[in-house]
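This report concerns only the one structure given below.
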């Protein structure tokens, strides 16, 4: 769920709680309010009634009888004056709800009662208003309030959505420019994202600092490998040239030549170990660019054709069944060549005469898997665990034990999972799996 | 052929100069960026061998200078840094080749020759050996006008031996030549022997190949009377 949407859901939720609470309280509030206004209205009516009585005299209304009554046509309101005995007035409330029967209609009224004396006689004035009318008003008010509230609710939701989107815009911009679009090595010449939100300014600055420290560490590592490379390889280069020149000496006897050749071979081995270690360091520190699109079938065919004489020498049949049009993006041609060259070379070297090698591929879901199977002498179970360790020795002599470490490093560099299954004297199967969508 | 070697390791430059002088190259040396630029300002060199890690600066600065003044010169970078970016940068700046240390002197010679052939399309790229003629540029081998088909690596080995004729080349030198950067992968010591065996087999069908000699304990050599 997007942050913007989440925030809006929270906002809407909190508003709904408040509105719900308000709706629950609404009848109580409106009831109270309508009664309050009705009571006020009844008191005004009473004042008016007394003014009329004062002006016209009570007898004008009573016309000699003991009581007077008047009501509107629909019996919403009524007024009554009645002579009472004082004893019946105990516990009289000024305003209360009571049932009255007016002209055979029974209805509930809110009634104001007022006792007054006239010619030493007690009279009671009743002004009533039908409860039904009161409830009608109250209901009307409630509906109007609710509708208004809902309209306001939707307006605020929309406002929230646009405001939060606007407020979060710098955030998306940071994510996009700093994380999504940046690929190592980072381009550090960028301007801060424009925003007035302190948190985003902080985030942007933190990301920049992180990128700078990563770049620094990467540069240090690269400088180190370059320097180590120079310091280690230059002496080897000097000795090597000296031996090579000595070998050209015409006065050299055969014994000396042989000794020099042995020295040269040893030096060659040392040179290869150093170069392999530096190669590993460069892969592990990410100095190879991942920007090539590799046609796997082409690479494998090339390797097989380069190794053809070795295959013929041992009479090994090779079966290459890889999709011809398959292309892998984000690779490095050189490293991928190294990876497969090492594996196929091993499959030949440790194979038996007259054996075979199979290179196949398949999809398992979105996983693309390549398997290289040989019919060689296999790897002992104890050795399988340490096969990728640097300088581990098993099998043949004279290897520097870095070939499989290089394979592992390259595979890890491209998120390729590598698995080895082996049966002694029967053969080895190496599988490489990577995430790749079938075309 | 005039060669300027820009290299600050005295021991190494001495060996390179000795080796190239033997092959009739006319060598001079410079051990700093400053020295190299001042020599280059005065004279022309056909080949400039350039180390990148110089005490007073980067060899690439010399390369920039060369590419402004002596555009015809062949430039081969010799570096122990092995930095990939550096290599790409060097080639982009106009270097003709990049030879990582520790290189073999025979390889250096072969590379220079290859660039000369490529750049100037010189004559004398067809060598006569016994009854065979080997065209280095067209990568063809003939025996009395009959074409003999060889695998790429077989031809690489043969031409490398011919270029360094009358001198034994070790298996590791040959392996490094044919595989270049890949030679760090644990190469099969048998690899060169297999190729030589196949070469002999393919060529003997047409004529004797007694000129391709095995040198005990060392490697192989091509005997070519001068």
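The values are calculated or read from the model by the stated rules, or taken from the named source; none is laboratory data. Keep in mind that this is a model prediction, so the values were computed, not measured. Ideal geometry is used to build each Cβ from the backbone, glycine not excepted, and the neighbour counts take in all protein chains shown.
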- Conditions: (1) closer than 17 Å to residue A:412 by Cα; (2) surrounded by 15 or more Cβ atoms within 10 Å (Cβ to Cβ); (3) in contact (Cβ under 8 Å) with a residue 60 or more places away in the chain. Residue A:367 meets all but one. Number of the miss? (2)
- Query: Can you tell which of B:184, B:157, B:218 is in contact with a helix residue (DSSP H, G or I) (Cβ under 8 Å, 6 or more places away or on another chain), at pLDDT below 90 and within 21 Å of residue A:344 (Cβ to Cβ)?
  - Reply: B:184
- Message: So if I check each of A:343, A:296, A:277, which one is crowded, with 17+ Cβ neighbours inside 10 Å, touching a helix residue (DSSP H, G or I) at 6+ places or on another chain (Cβ under 7 Å) and in contact (Cβ under 8 Å) with a residue 12 or more places away in the chain?
- Response: A:343
- Query: What are the residues in the range B:132-149 that are surrounded by 17 or more Cβ atoms within 10 Å (Cβ to Cβ) and either under 19 Å from residue B:111 (Cβ atoms) or under 17 Å from the mean Cα position of the chain (by Cα) (or both), if any?
  - Reply: B:134, B:136
- Item | Candidate set from the range B:88-100 (those that are closer than 13 Å to residue B:181 by Cβ and within 11 Å of chain A (Cβ to nearest Cβ)); member that is surrounded by the fewest Cβ atoms within 10 Å (Cβ to Cβ) | B:99
- Query: Could you say whether any residue in the range B:54-71 is within 18 Å of residue B:119 (Cβ to Cβ), within 14 Å of chain A (Cβ to nearest Cβ), touching a residue at least 40 places away in the same chain (Cβ under 8 Å) and under 21 Å from the mean Cα position of the chain (by Cα)?
  - Reply: no
- Query: Can you tell me how many residues in the range A:239-260 are more than 19 Å from residue B:12 (Cα to Cα) and at the interface with another protein chain (Cβ under 7 Å from one of its Cβ atoms)?
  - Reply: 2
- Message: Condition first: in a loop (DSSP other than H, G, I, E, B) and surrounded by fewer than 17 Cβ atoms within 10 Å (Cβ to Cβ). Now tell me which residues in the range A:324-340 satisfy that.
- Response: A:324, A:325
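May I ask you to verify whether residue B:152 is within 12 Å of chain A (Cβ to nearest Cβ) and surrounded by fewer than 20 Cβ atoms within 10 Å (Cβ to Cβ)? It would help to see each step written out before you state the result.
Working: within 12 Å of chain A (Cβ to nearest Cβ): yes; surrounded by fewer than 20 Cβ atoms within 10 Å (Cβ to Cβ): yes.
Against the criterion (within 12 Å of chain A (Cβ to nearest Cβ) and surrounded by fewer than 20 Cβ atoms within 10 Å (Cβ to Cβ)), residue B:152 qualifies.
Among A:316, A:359, A:348, which is more than 21 Å from residue B:192 (Cα to Cα), in contact with a strand residue (DSSP E or B) (Cβ under 8 Å, 6 or more places away or on another chain), touching a residue at least 24 places away in the same chain (Cβ under 8 Å) and in the same structural domain as residue A:387 (by TED's automatic domain parsing)? Please lay out each step first, then the result.
On the way: A:316 fails: more than 21 Å from residue B:192 (Cα to Cα); A:348 fails: more than 21 Å from residue B:192 (Cα to Cα).
A:359 is the lone residue from the list that is more than 21 Å from residue B:192 (Cα to Cα), in contact with a strand residue (DSSP E or B) (Cβ under 8 Å, 6 or more places away or on another chain), touching a residue at least 24 places away in the same chain (Cβ under 8 Å) and in the same structural domain as residue A:387 (by TED's automatic domain parsing).
Among the candidates B:116, B:88, which residue alone is modelled with pLDDT under 90 and under 22 Å from residue A:279 (Cβ atoms)? So that I can check it myself, show each step before the final result.
Numbers: B:116 fails: under 22 Å from residue A:279 (Cβ atoms).
Of the residues listed, the single one that is modelled with pLDDT under 90 and under 22 Å from residue A:279 (Cβ atoms) is B:88.
Inspect the range B:106-123 for any residue being assigned to a strand (DSSP E or B), within 14 Å of another protein chain (Cβ to nearest Cβ) and in contact with a helix residue (DSSP H, G or I) (Cβ under 9 Å, 6 or more places away or on another chain) and give the result as yes or no.
No, every residue in the range B:106-123 fails to be assigned to a strand (DSSP E or B), within 14 Å of another protein chain (Cβ to nearest Cβ) and in contact with a helix residue (DSSP H, G or I) (Cβ under 9 Å, 6 or more places away or on another chain).
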- Hey, does the range A:37-48 have a residue that's at negative phi, modelled with pLDDT under 90 and either out of contact with any strand residue (DSSP E or B) (no Cβ under 8 Å at 6 or more places or on another chain) or not in a helix (DSSP H, G or I) (or both)? yes
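Can you go through A:49, A:67 and tell me which one is over 60 Å from the mean Cα position of the chain (by Cα), surrounded by 11 or more Cβ atoms within 10 Å (Cβ to Cβ) and closer than 26 Å to residue A:32 by Cα?
On the way: A:67 fails: closer than 26 Å to residue A:32 by Cα.
Sole residue among the options that is over 60 Å from the mean Cα position of the chain (by Cα), surrounded by 11 or more Cβ atoms within 10 Å (Cβ to Cβ) and closer than 26 Å to residue A:32 by Cα: A:49.
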- Note on the structure: Subset of the range A:204-224, residues surrounded by 16 or more Cβ atoms within 10 Å (Cβ to Cβ), under 14 Å from residue A:188 (Cα atoms) and within 14 Å of chain B (Cβ to nearest Cβ), comes to A:218
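What about residue A:300, is it at pLDDT 90 or above and either within 21 Å of residue A:222 (Cβ to Cβ) or not in a helix (DSSP H, G or I) (or both)? Steps first, answer last, please.
Working: at pLDDT 90 or above: yes; either within 21 Å of residue A:222 (Cβ to Cβ) or not in a helix (DSSP H, G or I) (or both): no.
Taking the combined requirement at face value, the residue does not satisfy it.
Name the one entry in A:29, A:23 that is assigned to a helix (DSSP H, G or I), touching a residue at least 40 places away in the same chain (Cβ under 8 Å) and surrounded by 13 or more Cβ atoms within 10 Å (Cβ to Cβ). Even if it seems obvious, please write down each step before you answer.
Working: A:29 fails: touching a residue at least 40 places away in the same chain (Cβ under 8 Å).
After ruling out the rest, the residue left standing is A:23.
Could you tell me which residue of the range A:290-331 is farthest from the chain's Cα centre (by Cα), considering only residues that are within 14 Å of chain B (Cβ to nearest Cβ) and under 17 Å from residue A:407 (Cα atoms)?
The initial filter retains those residues of the range A:290-331 that are within 14 Å of chain B (Cβ to nearest Cβ), namely A:290-292, A:299, A:301-316.
Of the ones still in play, those that are also under 17 Å from residue A:407 (Cα atoms) are A:290, A:299, A:303.
Numbers: A:290: 26, A:299: 38, A:303: 43 Å.
The residue in question is A:303.
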